[in-house]
Amino acid sequence: MMKYIEDELNLLEQNDLKRNPRIIKSESGPWVELEDGKNGKKVLQLGSNNYLGLANHPDLIQASHNAMVKYGVGSTGSRLLTGTTILHHELEMEIAKFESSEASIFFSSGYSANLGVLSSLIDKNDAVYSDELNHASIIDGIRLSGATKFIYNHNNVRHLENLVSENCKNFKRNFIVTDTVFSMDGDIAPLKEIAEISKNYNCIPVLDEAHATGVFGKNGCGVVEELNLEEYFPIRIGTCSKALGVEGGFCVAPKVVIDLLKNKARSFMFSTSPSPAIVGAVLKSIELISKNKSKKEKLWHNAKYLFNGLVQNKYLRLNEFKTPIIVIYFNSINEVLKFSDFLFDECHIWAPAIRPPTVKVPRIRLTPMSTHSEEDMDIVINAFRAFSVECLEEQRT
Ligand SMILES: Cc1ncc(COP(=O)(O)O)c(C=O)c1O
């Protein structure tokens, strides 16, 4: 009975695609202690989404502790039954205020936010135009909606417009859905053009700002805020698990939309509500991000510093610098694994290899944090230099 499962695992193994998580034994700061080796020495963390270093911030830990002491460990039920404390209510008000929106809904993760929002607002009579590199949770949410899906080439507005103009008349409603920051390529969706197309063809746009919240915009609300496009994108999804340093996902939208989501989104209705400790920490995180811009500035400083150091290395194929996500592309899975192992084994740098099915082209994705130092960035730049030289020597021999 288990044979087909073993076969599937063996196939993954043979193709270098079987993965096992590394186990962390310390708090998740810029340097972390792992279970596998290094004799207790910490490794330099370059692969997390903890952009602002808030995941282990003392104020968040304290807020989480206070919430737990006051409301208990578990939330005891789903949001519509016994799982809505005054803290959950307060958080939804704060998220709406933070995002300059009328209302918000809080989910237990960004993944369930995308599933719940897309499957509730879109149905089988509708069409969805989706960027080919959209996150898996968007893809799954669209699948669940039963709508007809048109995939446009990555960030290609001409392709998007062609698909919309050819097909929009055949459907009840038309939705355009995209990430704003693409997490594995570190680039940004062409939001001005998408706003224009949405207006011209009467489409409803839905954005996922997961990797933009806390990183872009005057107040850290995301790319929409950065570009002053709020009026064109009233429905926006976000996550609290990246720059906010905690977990949970949200959607901001006009109140009617949020009221419907609270009554229809299955991932909201049929799952136990996030624990008070999480809610307390997210509230504190939003407060810190709203009050203090220096973490965001330091993140951008570190990212620019790292990019400037790496771009001088002519052996590397890098993405363009648009976000703090720096990507180095490789020709094969074998090559990227070899490089990631070299970084880990020889240089004590933890930058996991990203490979299919997450992406088509294998890559290393470097995500500096605001809590890294310039010396940390120099370690990475020097490691890439050393590896390039080694490869070159290998090719010569
Ligand atoms: C664009 C995007 N949307 C949604 C998610 C899911 O968010 P979460 O990790 O909070 O479930 C992610 C996380 O990887 C993401 O990158």
Inset, instruction - Would you tally the residues in region 238-250 being farther than 13 Å from L288 by Cβ and near the ligand (Cβ under 9 Å from one of its atoms)? - result: 7
Legend entry - Single residue of I194, I139 found to be modelled with pLDDT of 95 or more, under 30 Å from G245 (Cα atoms) and over 20 Å from the mean Cα position of the chain (by Cα): I194
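Matching residues to (1) more than 29 Å from A281 (Cα to Cα); (2) free of Cβ contacts under 8 Å to residues at least 12 places away in the same chain; (3) basic (K, R):
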site	(1), (2), (3)
I194	yes, no, no
K199	yes, no, yes
P205	yes, no, no
D208	no, no, no
I237	no, no, no
Legend entry - So S64, is it surrounded by 18 or more Cβ atoms within 10 Å (Cβ to Cβ), of a type outside the set (K, R), modelled with pLDDT of 95 or more and assigned to a loop (DSSP other than H, G, I, E, B): no
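Quick grid of which residues meet (1) closer than 22 Å to D126 by Cβ; (2) within 16 Å of the ligand (Cβ to nearest atom); (3) crowded, with 24+ Cβ neighbours inside 10 Å; (4) at pLDDT below 95:
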{"residue": "I204", "(1), (2), (3), (4)": "yes, no, no, no"}
{"residue": "D208", "(1), (2), (3), (4)": "yes, yes, yes, no"}
{"residue": "V252", "(1), (2), (3), (4)": "yes, yes, yes, no"}
{"residue": "S267", "(1), (2), (3), (4)": "yes, yes, no, no"}
{"residue": "P274", "(1), (2), (3), (4)": "no, yes, yes, no"}
Inset, instruction - Kindly provide the set of residues from region 39-56 that are assigned to a helix (DSSP H, G or I) and either more than 16 Å from the ligand (Cβ to nearest atom) or open to solvent by less than 30 Å² (accessible area, probe 1.4 Å) (or both), ordered by number. - result: N39, G40, L54, N56
Legend entry - Selection from region 148-158 of residues that are in contact (Cβ under 8 Å) with a residue 12 or more places away in the chain and either open to solvent by 70 Å² or more (accessible area, probe 1.4 Å) or within 18 Å of S267 (Cα to Cα) (or both): K149, I151, N153
Legend entry - Condition broken by L133, with the remaining ones in (1) in contact with a His (Cβ under 9 Å, 6 or more places away or on another chain); (2) crowded, with 23+ Cβ neighbours inside 10 Å satisfied: (2)
Inset, instruction - Only one of these is open to solvent by 50 Å² or more (accessible area, probe 1.4 Å) and part of a loop (DSSP other than H, G, I, E, B): D59, D7, D36. Name it. - result: D36
Inset, instruction - Please go through region 294-340 and pick out each residue that is in a loop (DSSP other than H, G, I, E, B) and either small (G, A, S) or not assigned by TED's automatic domain parsing to the domain that holds P368 (or both). - result: S332
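Among the residues of region 220-232, count how many are surrounded by fewer than 24 Cβ atoms within 10 Å (Cβ to Cβ) and either of a type in the set (F, W, Y) or within 14 Å of the ligand (Cβ to nearest atom) (or both).
Looking only at that region, the number is 1.
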Inset, instruction - Identify the residue in region 351-378 that is modelled with pLDDT under 95 and outside any loop (DSSP other than H, G, I, E, B) and, among all such residues, is surrounded by the fewest Cβ atoms within 10 Å (Cβ to Cβ). - result: I354
Inset, instruction - State which residue is farthest from the ligand (Cβ to nearest atom) when the search covers only region 80-97 and only residues that are open to solvent by less than 20 Å² (accessible area, probe 1.4 Å) and under 21 Å from V224 (Cβ atoms). - result: A96
Legend entry - Residue among I235, I194 that is hydrophobic (A, V, I, L, M, F, W, C), open to solvent by less than 40 Å² (accessible area, probe 1.4 Å) and under 14 Å from I105 (Cα atoms): I235
Legend entry - In region 100-118, the residues that are open to solvent by 10 Å² or more (accessible area, probe 1.4 Å), out of contact with any Ser or Thr (no Cβ under 9 Å at 6 or more places or on another chain) and not charged (D, E, K, R): S100, S101, A103
Legend entry - Whichever residue in region 101-130 is under 19 Å from V252 (Cα atoms) and assigned to a strand (DSSP E or B) and, among such residues, is nearest to the ligand (Cβ to nearest atom): F107
Inset, instruction - Check whether at least one residue in region 131-141 is within 16 Å of the ligand (Cβ to nearest atom) and in a strand (DSSP E or B), and report yes or no. - result: yes
Inset, instruction - Within region 177-184, identify whether any single residue is at pLDDT 95 or above, more than 11 Å from the ligand (Cβ to nearest atom) and open to solvent by 30 Å² or more (accessible area, probe 1.4 Å), and answer yes or no. - result: no
Inset, instruction - Output yes when any residue across region 12-22 is in contact with an Asp or Glu (Cβ under 7 Å, 6 or more places away or on another chain), among the aliphatic types (A, V, I, L, M) and at pLDDT 90 or above, and no when none is. - result: no
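The values are calculated or read from the model by the stated rules, or taken from the named source; none is laboratory data. Being a predicted model, the structure only gives us computed values, none of them experimental. Glycine also receives a Cβ, built like all others from the backbone with ideal geometry; neighbour counts cover every protein chain displayed. With ligands, DNA and RNA removed, areas are computed over all heavy atoms of the protein, side chains included. Shrake-Rupley method; radii C 1.70, N 1.55, O 1.52, S 1.80 Å.
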